[in-house]
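Chemist: Handing you a structure now.
The values are calculated or read from the model by the stated rules, or taken from the named source; none is laboratory data. Quick caveat: nothing in here was measured; it's all calculated off a predicted structure. FYI the Cβ positions are ideal-geometry reconstructions off the backbone, even for glycines, and counts take in every protein chain you see. These accessible areas exclude ligands, DNA and RNA; they are computed on the full protein's heavy atoms, side chains included. Shrake-Rupley method; radii C 1.70, N 1.55, O 1.52, S 1.80 Å.
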4 protein chains.
Amino acid sequence: MGQKLPWRIVAEWITEGEACIRSVEKVYAAGATKFQEYLIGELAGIGKSLVLDGKVQSSLFDEHWYHEALVHPIMIAHECPKDVLIIGGGEGATAREVLKHKCVEQVVMVDIDAELIELAKKYLPEWHQGAFDNEKLKLVLDDGRKFLSTTDMEFDIVILDLVDPMEGGPAALLYTLEFYRLVSRVLKPGGAMVTQASSPILTPRVYATIRNTIASVFNITRPYITYVRSYNGVWGFVAASNSIDPSNLSPDAVDKLIKERIRGELRFYDGVTHQWMFTLPKPIRSILDSYNDVATDSNPIYVPV
Amino acid sequence: MGQKLPWRIVAEWITEGEACIRSVEKVYAAGATKFQEYLIGELAGIGKSLVLDGKVQSSLFDEHWYHEALVHPIMIAHECPKDVLIIGGGEGATAREVLKHKCVEQVVMVDIDAELIELAKKYLPEWHQGAFDNEKLKLVLDDGRKFLSTTDMEFDIVILDLVDPMEGGPAALLYTLEFYRLVSRVLKPGGAMVTQASSPILTPRVYATIRNTIASVFNITRPYITYVRSYNGVWGFVAASNSIDPSNLSPDAVDKLIKERIRGELRFYDGVTHQWMFTLPKPIRSILDSYNDVATDSNPIYVPV
Amino acid sequence: MGQKLPWRIVAEWITEGEACIRSVEKVYAAGATKFQEYLIGELAGIGKSLVLDGKVQSSLFDEHWYHEALVHPIMIAHECPKDVLIIGGGEGATAREVLKHKCVEQVVMVDIDAELIELAKKYLPEWHQGAFDNEKLKLVLDDGRKFLSTTDMEFDIVILDLVDPMEGGPAALLYTLEFYRLVSRVLKPGGAMVTQASSPILTPRVYATIRNTIASVFNITRPYITYVRSYNGVWGFVAASNSIDPSNLSPDAVDKLIKERIRGELRFYDGVTHQWMFTLPKPIRSILDSYNDVATDSNPIYVPV
Amino acid sequence: MGQKLPWRIVAEWITEGEACIRSVEKVYAAGATKFQEYLIGELAGIGKSLVLDGKVQSSLFDEHWYHEALVHPIMIAHECPKDVLIIGGGEGATAREVLKHKCVEQVVMVDIDAELIELAKKYLPEWHQGAFDNEKLKLVLDDGRKFLSTTDMEFDIVILDLVDPMEGGPAALLYTLEFYRLVSRVLKPGGAMVTQASSPILTPRVYATIRNTIASVFNITRPYITYVRSYNGVWGFVAASNSIDPSNLSPDAVDKLIKERIRGELRFYDGVTHQWMFTLPKPIRSILDSYNDVATDSNPIYVPV
């Protein structure tokens, strides 16, 4: 026993009866916005973290694993992305990574939770690193789906940086066939999209269904994975386009493109890492082969809660 | 599994490897003052609560068990307490109970943590119920021991509403022989004191030592107990005086005095409850008989942490 | 961090989102009988313990608080109990306490779980202390209710040492009006019964309903309480008879009877402890006054699980 | 709340204040051998599992991820391994995988914990699948290091399937320079070794030091990784030899060799999986570059406990 035993604990329930618990060593802010409960604090093992509705969204320990894995493969695979749309991404770190690309002229970021963005601006400077003040960033406080339905704008890249699809949650209908058609609608010719896609190990049916659903809309669909300790395991993404295939890029090609087109340093992403992410081990391929489900507005897919 | 599984948890470590964990269903305030870490929130089972450094200080579920047990036995046993000193008691609930006594003309409350008092004023109205605005209350933001050493005031009753003695904690030297001599110094003739005295079951040596130490200073020393769910068990107190013995009062006598001298309603304390608290079951008496320790400034007693 | 952090933990869920967790420092036996899951091991804080279906049944730390509180008040209040029936009591500690009374000629113990009794004989010698080998003890491996319905025997005292009433549990219908009528049927004239009665604080409606239900069958019904750390709080009992009132006994009378009639030493029970248990503090009396429910076979009462 | 909340919990402390907790839904066996505490039971999320000293050793959910990753890359890279030594591997699953290779003529398995092997034979048939009865397997109940020092035998492959190096633990000195020299001593010309190597993310210094230490003894040292949910993350291995380099094998070459040389089905390992494991993402490469430590008997490396 001792002073070191945790008294404030965050528990992430992974399955029924299985949780990752972390001591909250310091609290920066805690409460609820109109949309979700939040905690910004120092967590044992992973450091400063943002927790929403009991799920670690990102931590200083490895937010770069997640955000670089989400942003760069599809951005690098595109010839020269000028107009980028981010849906979600409240911490500002996705915008930060997008803005490292010299091609980028405009980033539109649509997030529904204005209070959360204010908290991020105030408490998460290590995440946004000034991205909110970048004149190329246009922040839209709105529902992402509503924005897609009504905007006249077109984009080279759409990045979906969302919470998992949960019944009643803010992203419940941001993983359906109808939604991806709306994404397709705002893409310029030669454009591409990428989405986070839940955990292939913990919620395999969700991961496979997101892949299947996107594959119903786009010609080229490429699931890939990384590992994120803060998310308690392997994490999945899906990139899609009618013309771009990021999985074709060799490590050397990726490294050359990084050098040419990216300002500043990357801590996670490079050519070999790119290859690692698009190389799926046999059990992950088996999971992708095991489900035929497609999510629709009337029959969506949810992670269990 | 389900939405109901806790994600924000407060764990109170009782002994090495033994803890009471409670879900934090809502956070009102969380952070740190100059002296301690705090959490004000809704806790599973016990409702709205104040937690300091990982210990539940009081909850709406049973703060009345604790505060009425602390205040009324010694106040009722005194002929007519006019001047009352409270050391600690930041929530304002001890002052609230003291102010119910019609005899009381002045309550001096000395608490070291000004930030905590501001939090209590703002977030704990159910505790203080306006006590901080009562013109009879004089709030002194100072170290309790320093106040006792330097004040010229004298009191009929001194109430010690402190956190447990912990090494390095704010109450480390507020349970020693030298401290109780300072208490004795500010008592009027016929005056009396009472202190919370930790858990007789969980920290028996601390409880017995507090009793022994007080018995070295006063002629009449009366340990008594109640139960406080929020403190995970039986809770101990010690009342002392050179002339007053609260354990002598019959249930009927107590009920008569309550009727005459107390304004408003009591939810915990009455004559039978008084008798219950001063009737110690055999194992508690055995504990009190098992230790001869006396705590001094050079050899204080601490609860394990 | 350190070796001392628990890895095997027993969590007792008290309410939704509130639990007491204890490290299992050593496992003596773990598995399942036909009726329940069991763990016999060393638990942090309370030592060697029997856990059934996730509930600590008793521990070396304070099994004497529970078993002496259950057995002695009603046994002492009876003129001279010769024939005693125990329903439940698998550890053998209730029989151990009954057998300390010199009057006792025969103890019939009816427990449904033969496997558990074998485990108790093997692993819990500190509990039974040879009671299972006492020639006055007659062990019946049967359902308690069925035994009551069919036996021709009559008893001076019936002791109900049961698990709490849980839906689908082995004691689901051992707290109903019909059940207490069966108990009444096997009592000799002048006989009395006692039952454990759950926690007045944690399950107040269950506690009050057990009292009410028993009061529908017997002329004299006396709820009383003690504290059991291993049960996480105050614990309730109800004694009942058509002629005996244990609450009338003075501390001195109890102490005299103990001296005359009990062999061996008691660690918890004496005259003052007797008075303490029958003195109910105001909130407990308020709880008893708050519920009119009576449990019947068609409308039983259960603790939430 | 409900029946589903866990009451028997296994907590794996990952760092100070960070743990993965899993409900134990069923206990098959629990106790202690001469060397370690064990639990064999059904764990939430990962199913039937073996837990030693609070660490999940393997689970039915993904023991094939671990055991196939440990055994096959180096076995496939060798021309034709006939004599194989396993140190550790008590569950029998490493032997099971080795025995799938048609070249294999003899497997010597040296494990110090005879009681654990008996438990594995009885309770873990899904792991060993009869391997203990295979006439090619020779089981030696001895200390692995002592065996290496004294044996006259020589091996094509040595597989180190050990618990992490912990101070005072059974594998404390099975990760040092002196130990790997002993391994080298028993290798035939053209032989190779592989060891599990702890978590690159959670204990990076241990992982890098194991790599460095092995690289001090062998000409070719190849760290590789997989993911094991039951171990709470990315898991590391190191393969080494004076002549064999498994990282050179193309996916097609691996698939061809599997077809030719392996009996039965593999669930995890194939050519693409081989490539995935030897492709290290940038942060893992950075970790390997960050430490120069070499572990010796007088200055060993330990995981924190």
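Chemist: With an 8 Å Cα cut-off and a minimum separation of 6 or more residues, compute the relative contact order for region B:9-59 in percent.
Modeler: Details: 97 pairs, mean separation 13.4, N = 51.
This gives 26 percent for region B:9-59.
Chemist: For region D:9-59, state the semi-axes of the equivalent ellipsoid (square roots of 5 times the eigenvalues of the alpha-carbon gyration tensor), sorted largest first and rounded to whole angstrom. Walk me through the intermediate numbers first.
Modeler: Details: eigenvalues 57, 43, 13 Å².
They are 17, 15, 8 Å, listed largest first.
Chemist: What gaps in nm, shortest first, separate D:THR296 from its twins in the other copies when you place the label 7 Å past Cα toward the beta carbon?
Modeler: Result, one decimal in nm: 5.3, 7.1, 8.6.
Chemist: Can I ask one more? Along the Cα-to-C-beta direction of A:VAL305, a point sits 7 Å from the Cα; which residues of region A:173-190 have their amide N less than 14 Å from that point?
Modeler: Residues A:173-174 fall inside that zone.
Chemist: So, one more: Taking the label point 7 Å from Cα in the Cβ direction, how far apart in nm is C:LYS256 from each other copy of itself, listed shortest first?
Modeler: 2.9, 10.3, 10.7
Chemist: Based on Cβ point charges of +1 for Lys and Arg and -1 for Asp and Glu, what charge dipole magnitude is obtained for chain B about its Cα centre, in debye rounded to the nearest 20? Could you put the intermediate results ahead of the total?
Modeler: Working: 31 positive and 40 negative charges, 90 e Å.
Computed about the Cα centre, the dipole is about 440 debye.
Chemist: If you don't mind, another one. In percent, what relative contact order does chain A have, based on Cα pairs under 8 Å that are 6 or more apart in sequence?
Modeler: Working: 632 pairs, mean separation 51.6, N = 305.
Answer for chain A is 17 percent.
Chemist: Taking every alpha carbon pair in region A:1-150, what does the distance histogram look like in 10 angstrom bins from 0, in percent?
Modeler: Going out from 0 Å in 10 Å bins, region A:1-150 shows 11, 36, 33, 15, 4, 1 percent.
Chemist: Taking D:GLU154 in one copy and the same position in all the others, each labelled 7 Å out along Cα→Cβ, what are the pairwise distances from the first, in nm, shortest first?
Modeler: 7.2, 9.3, 10.0
Chemist: Something else: Looking at the protein assembly as shown, what % of its DSSP beta bridges pair antiparallel, to the nearest 5?
Modeler: Numbers: 172 of 252 bridges.
Taking every DSSP beta bridge with both residues in the protein assembly as shown, the antiparallel ones total about 70 percent.
Chemist: Ranked from highest to lowest mean number of other Cβ atoms within 10 Å per residue, what is the order of the peptides A:211-218, B:241-248?
Modeler: Working: A:211-218: 20.8, B:241-248: 17.4.
In descending order of packing, they fall as A:211-218, B:241-248.
Chemist: Which of the three applies to region D:63-290, rounded, prolate or oblate, going by the alpha-carbon gyration tensor with a ≥ b ≥ c and a/c under 1.5 meaning rounded?
Modeler: Numbers: a/c = 1.28, a/b = 1.10, b/c = 1.16.
Because its axes are fairly even, with a/c under 1.5, region D:63-290 counts as rounded.
Chemist: Could you state the number of Å between the C-alpha centres of region C:184-251 and region D:108-174?
Modeler: For region D:108-174 versus region C:184-251, the Cα centre distance is 59 Å.
Chemist: Rounded to whole Å, give me the distance from the Cα center of region C:36-95 to that of region B:8-85.
Modeler: Here the two parts' Cα centres lie 32 Å apart.
Chemist: Express the C-alpha Rg of the protein assembly as shown as a ratio against the empirical globular expectation 2.2 N^0.38 Å, rounded to two decimals.
Modeler: Values: Rg = 34.4 Å, N = 1220, 2.2 N^0.38 = 32.8 Å.
Relative to the 2.2 N^0.38 Å estimate, the protein assembly as shown comes out at 1.05.
Chemist: Using the beta-carbon distance between C:ASN219 and B:SER298 and R0 = 45 Å, what value does 1/(1 + (r/R0)^6) give for FRET efficiency, to the nearest 0.05?
Modeler: Values: r = 62 Å, r/R0 = 1.38.
That pair, C:ASN219 with B:SER298, gives E of 0.15.
Chemist: Same structure, new question: Roughly how many debye, to the nearest 20, is the charge dipole of region D:9-59 about its Cα centre, given +1 on each Lys and Arg Cβ, -1 on each Asp and Glu Cβ, and no other charges? Can you show the working numbers first?
Modeler: Working: 5 positive and 7 negative charges, 50 e Å.
About 240 debye.
Chemist: Within 10 Å of each Cβ of A:136-148, how many other protein chain Cβ atoms are there on average?
Modeler: Details: counts 0, 0, 0, 0, 0, 0, 0, 0, 0, 0, 0, 0, 0.
Per-residue shielding by partner chains comes out at 0.
Chemist: Taking every residue in B:81-94, how many Cβ atoms of other protein chains lie within 10 Å of its Cβ, on average?
Modeler: Working: counts 0, 0, 0, 0, 0, 0, 0, 0, 0, 0, 0, 0, 0, 0.
Going residue by residue through B:81-94 and averaging, the value is 0.
Chemist: Report, for chain C, the % of DSSP beta bridges that are antiparallel, rounded to 5. Working shown, then result.
Modeler: Values: 39 of 59 bridges.
Approximately 65 percent, going by the DSSP bridge assignments.
Chemist: Quick one: if the Förster radius is 22 Å, what FRET efficiency do D:ARG267 and D:LYS136 give, using the C-beta to C-beta distance and rounding to 0.05? Spell out each step's value before the answer.
Modeler: Details: r = 22 Å, r/R0 = 1.01.
Result of the calculation: an efficiency of 0.50.
Chemist: Which percent of the accessible heavy-atom area of the protein assembly as shown goes to carbon and sulfur, probe 1.4 angstrom? Intermediate results must be reported in sequence, preceding the final value.
Modeler: Numbers: 19930 of 42100 Å².
Answer for the protein assembly as shown: carbon and sulfur cover 47 percent of the accessible area.
Chemist: Not counting ligands, DNA or RNA, and with a 1.4 Å probe, what is D:ASP53's accessible surface area in Å² rounded to the nearest 10?
Modeler: Solvent-accessible area, nearest 10 Å²: 70 Å².
Chemist: What does the average come to when, for each residue of peptide B:61-71, you count the partner chain Cβ atoms lying within 10 Å of its Cβ?
Modeler: Numbers: counts 1, 2, 0, 2, 4, 0, 0, 1, 1, 0, 0.
The mean count of partner-chain Cβ atoms within 10 Å per residue comes to 1.
Chemist: With the cut-off at 24 Å, tell me which of the pairs C:LYS82/C:LYS138; B:LYS82/B:LYS256; A:LYS55/B:LYS122 have Cα atoms farther apart than that. Could the numbers behind the result be given before it?
Modeler: Details: C:LYS82/C:LYS138 14 Å; B:LYS82/B:LYS256 19 Å; A:LYS55/B:LYS122 30 Å.
Checking Cα-Cα distances, A:LYS55/B:LYS122 exceed 24 Å.
Chemist: Keeping all protein chains in the complex and leaving out DNA, RNA and ligands, what accessible area do you get for A:SER298 with a 1.4 Å probe, in Å² to the nearest 10?
Modeler: 110
Chemist: Which of the aspartates and glutamates could a cross-linker span from D:LYS259 if the Cα-Cα distance has to be under 16 Å and same-chain partners fewer than 8 positions apart are dropped?
Modeler: Those aspartates and glutamates meeting the cut-off are D:GLU68, D:GLU79, D:GLU97, D:ASP270.
Chemist: Show that you can apply the helix-only estimate: for chain C, add -39,500 (n - 2.57) for every DSSP H stretch of four or more residues, divide by all residues, and state [θ] at 222 nm to the nearest 500.
Modeler: Working: 10 runs with 91 residues, N = 305.
Per the formula, -8500 deg cm²/dmol.
Chemist: Contact order normalised by length for region B:160-304, with contacts defined as Cα pairs under 8 Å and 6 or more residues apart; what percent is it?
Modeler: Values: 238 pairs, mean separation 47.4, N = 145.
Across region B:160-304, relative contact order equals 33 percent.
Chemist: If packing is taken as the mean number of other Cβ atoms within 10 Å per residue, what is the order of B:172-178, C:220-226, A:99-105, C:260-266, highest first? Numbers along the way, then the final one.
Modeler: Values: B:172-178: 20.3, C:220-226: 22.6, A:99-105: 18.0, C:260-266: 12.1.
The packing order, highest mean first, is C:220-226, B:172-178, A:99-105, C:260-266.
Chemist: To the nearest 100 Å², how much accessible surface do chains A and D hide from each other in total, with a 1.4 Å probe? Please report the intermediate quantities before stating the final value.
Modeler: Numbers: alone 13440 and 13410 Å², together 23400 Å².
Result for this pair: about 3500 Å² buried.
Chemist: At R0 = 35 Å, how high is the FRET efficiency between A:CYS80 and D:ARG285 if r is their beta carbon distance? Nearest 0.05 is fine.
Modeler: Numbers: r = 29 Å, r/R0 = 0.83.
It comes to 0.75.
Chemist: Let's see if you can work this out: charge +1 on each Lys and Arg Cβ, -1 on each Asp and Glu Cβ, no other charges. What is the dipole magnitude of the protein assembly as shown about its Cα centre, in debye to the nearest 20? If you can, show how the numbers build up before the last one.
Modeler: On the way: 124 positive and 160 negative charges, 0 e Å.
Magnitude of the dipole: close to 0 debye.
Chemist: May I pose another question? Check D:GLY41: other-chain or 5+ apart residues with amide H under 5 Å from its amide H, H built from backbone geometry?
Modeler: For D:GLY41, the qualifying residues are D:TYR28, D:SER49, D:VAL51.
Chemist: So what is the accessible area of the protein assembly as shown per residue, in Å², with the probe set to 1.4 Å?
Modeler: Numbers: 42100 Å² over 1220 residues.
The answer is 35 Å² per residue.
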